[in-house]
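Colleague: The structure follows.
The values are calculated or read from the model by the stated rules, or taken from the named source; none is laboratory data. Everything numeric in this text was worked out from a predicted model, so none of it was measured. So basically every Cβ, Gly included, is an ideal-geometry build from the backbone, and we count neighbours across all protein chains shown.
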Amino acid sequence: MVSLLGPAEIRDLAKRLGIAPAKKLGQNFVHDPNTVRRIARAAGLAPDDVVVEVGPGLGSLTLALLPEVRHLHAIELDARLAAALPSTVASHAPDLLSRLSVVTADALAVRAGDVDPAPTALVANLPYNVAVPVVLHLLAELPGLRHGLVMVQKEVADRLTAGPGSRVYGVPSVKLAWYADARQAGRVPPSVFWPVPNVDSGLVSFTRRDPPAPPGRRESVFAVVDAAFAQRRKMLRSALADWAGSVPAAERVLAAAGVPPTARGEELTIGQFAAIAAAAER
């Protein structure tokens, strides 16, 4: 039996630990049991899944996830929170403590060898200021991640799930599409957090698929993406001029890739960006 954390318990636990939410760490703790239950359900976890949770904080979501999975790696940057998490689990879900591993680290520095058994799913309430780089880093570093559900600022959720032609389609959209199919899985109101943020949050669900080019070409494809969106309003023949060496060189590469030189980056799929990178290598 798992006892989830409510608003009073969250504040009492933080007081005992001498912790105040740190804005620089993007700490907004979920205090609503219904919300963490909703996230655990929406994640579509299987009993054999091994979850990596980034920023577990005081343990609200951790407690909801542990009954659903084989193992959970909690990656926490704040050493005080990391040290307290096992005690919280022991108090509220004693039978599940053996399923928990705590890694005190910056998620952006985590490597595959830091989390054993290998994670198959990412489920997290991500700090707003590092959400995109964390998701992309973990997908790159942990090839066993098959699926995930992350809670991020609603504006970030819109960007991560946007398609070509959308006003908010950009670098995060394209780079996530290299790894996975993504969709929005719901909105989360500010009222379920402590402290209350001034924005709504959104849930992003993703399922890994094969990339549009061999994994070894990822960096060259991402270089094209970065160049195209550095000047997103320019036609690609101009936006890619520095990357290719000149406007004529960019036009030749685009022609070889079957992409109109008058197109803009916001119109292209990840497959088309991969075709441009491959044409340049040829």
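Colleague: Looking at segment 152-182 only, could you name the residues that are without any contact (Cβ under 8 Å) to a residue 60 or more places away in the chain, in a helix (DSSP H, G or I), crowded, with 20+ Cβ neighbours inside 10 Å and of a type in the set (Val, Ile, Thr)?
Modeller: Correct list: Val156, Thr161.
Colleague: Let me ask something additional. Could you please find all residues in segment 133-174 being hydrophobic (A, V, I, L, M, F, W, C), under 25 Å from Asn198 (Cα atoms) and in contact with a Lys or Arg (Cβ under 8 Å, 6 or more places away or on another chain)?
Modeller: Of everything in segment 133-174, just one residue is hydrophobic (A, V, I, L, M, F, W, C), under 25 Å from Asn198 (Cα atoms) and in contact with a Lys or Arg (Cβ under 8 Å, 6 or more places away or on another chain), namely Val168.
Colleague: While we're on this one: Only residues that are of a type in the set (Gly, Ala, Ser) and either outside the structural domain of His137 (by TED's automatic domain parsing) or within 20 Å of the chain's Cα centre (by Cα) (or both): list them for segment 40-81, please. Spell out how you get there, then give the answer.
Modeller: Here is the first cut: in segment 40-81, the ones of a type in the set (Gly, Ala, Ser) are 40, 42-44, 46, 55, 57, 59-60, 64, 74, 79.
Passing the criteria: Ala40, Ala42, Ala43, Gly44, Ala46, Gly55, Gly57, Gly59, Ser60, Ala64, Ala74.
Colleague: Take the residues in segment 256-271 that are touching a residue at least 24 places away in the same chain (Cβ under 8 Å) and of a type in the set (Gly, Ala, Ser), then tell me which one is farthest from Ala162 (Cα to Cα).
Modeller: Among those residues, the one meeting the criterion is Ala256.
Colleague: Tally the residues that are within 28 Å of Pro133 (Cα to Cα) and among the polar types (S, T, N, Q), restricting the search to segment 79-121. Working first, answer last.
Modeller: Just the residues of segment 79-121 that are within 28 Å of Pro133 (Cα to Cα), to begin with: 79-86, 99-121.
With among the polar types (S, T, N, Q) added as a condition, the list becomes 101, 104, 120.
Going through segment 79-121 one residue at a time, the tally reaches 3.
Colleague: Within the bounds of segment 232-252, is there any residue that is within 23 Å of Ala182 (Cα to Cα), part of a loop (DSSP other than H, G, I, E, B), in contact with an Asp or Glu (Cβ under 9 Å, 6 or more places away or on another chain) and not aromatic (Phe, Trp, Tyr)?
Modeller: Step one: of segment 232-252, the residues within 23 Å of Ala182 (Cα to Cα) are 232.
Checking which are part of a loop (DSSP other than H, G, I, E, B) leaves us with 232.
Then drop every residue that is not in contact with an Asp or Glu (Cβ under 9 Å, 6 or more places away or on another chain), which leaves 232.
If we keep only those that are not aromatic (Phe, Trp, Tyr) as well, we get 232.
Scanning segment 232-252 turns up at least one residue that is within 23 Å of Ala182 (Cα to Cα), part of a loop (DSSP other than H, G, I, E, B), in contact with an Asp or Glu (Cβ under 9 Å, 6 or more places away or on another chain) and not aromatic (Phe, Trp, Tyr).
Colleague: Is segment 104-121 home to any residue that is of a type in the set (Asp, Glu) and surrounded by fewer than 15 Cβ atoms within 10 Å (Cβ to Cβ)?
Modeller: Taking segment 104-121 first, the residues of a type in the set (Asp, Glu) are 106, 114, 116.
Add one more test, that the residue is surrounded by fewer than 15 Cβ atoms within 10 Å (Cβ to Cβ), and what stays is 106, 116.
Yes, there is a match, as at least one residue in segment 104-121 is of a type in the set (Asp, Glu) and surrounded by fewer than 15 Cβ atoms within 10 Å (Cβ to Cβ).
Colleague: List, please: which pairs have Cβ atoms under 8 Å, are six or more places apart or on different chains, and start with a residue in segment 12-23 that is farther than 11 Å from Pro195 by Cβ and end with one that is in a helix (DSSP H, G or I)?
Modeller: Within 8 Å, the pairs are Leu13/Ala84; Leu13/Thr88; Leu17/Arg80; Leu17/Leu81; Leu17/Ala84; Gly18/Arg80; Ile19/Arg80; Ile19/Leu81.
Colleague: Kindly provide the set of residues from segment 177-200 that are over 15 Å from the mean Cα position of the chain (by Cα) and among the aliphatic types (A, V, I, L, M), ordered by number.
Modeller: Residues satisfying the conditions are Val188, Val192, Val196, Val199.
Colleague: What is the residue count in segment 207-233 for residues that are at pLDDT 95 or above and under 10 Å from Gly265 (Cα atoms)?
Modeller: Of the residues in that region, 7 qualify.
Colleague: Does Ser191 fit the bill of being in a helix (DSSP H, G or I), surrounded by fewer than 17 Cβ atoms within 10 Å (Cβ to Cβ) and either at pLDDT 95 or above or assigned by TED's automatic domain parsing to the domain that holds Leu45 (or both)? Spell out the reasoning first.
Modeller: Details: in a helix (DSSP H, G or I): yes; surrounded by fewer than 17 Cβ atoms within 10 Å (Cβ to Cβ): yes; either at pLDDT 95 or above or assigned by TED's automatic domain parsing to the domain that holds Leu45 (or both): yes.
Criteria met by Ser191.
Colleague: So if I check each of Ala241, Ala250, Ala228, which one is touching a residue at least 24 places away in the same chain (Cβ under 8 Å), of a type outside the set (S, T, N, Q) and not assigned by TED's automatic domain parsing to the domain that holds Ala185?
Modeller: Values: Ala241 fails: touching a residue at least 24 places away in the same chain (Cβ under 8 Å); Ala250 fails: touching a residue at least 24 places away in the same chain (Cβ under 8 Å).
After ruling out the rest, the residue left standing is Ala228.
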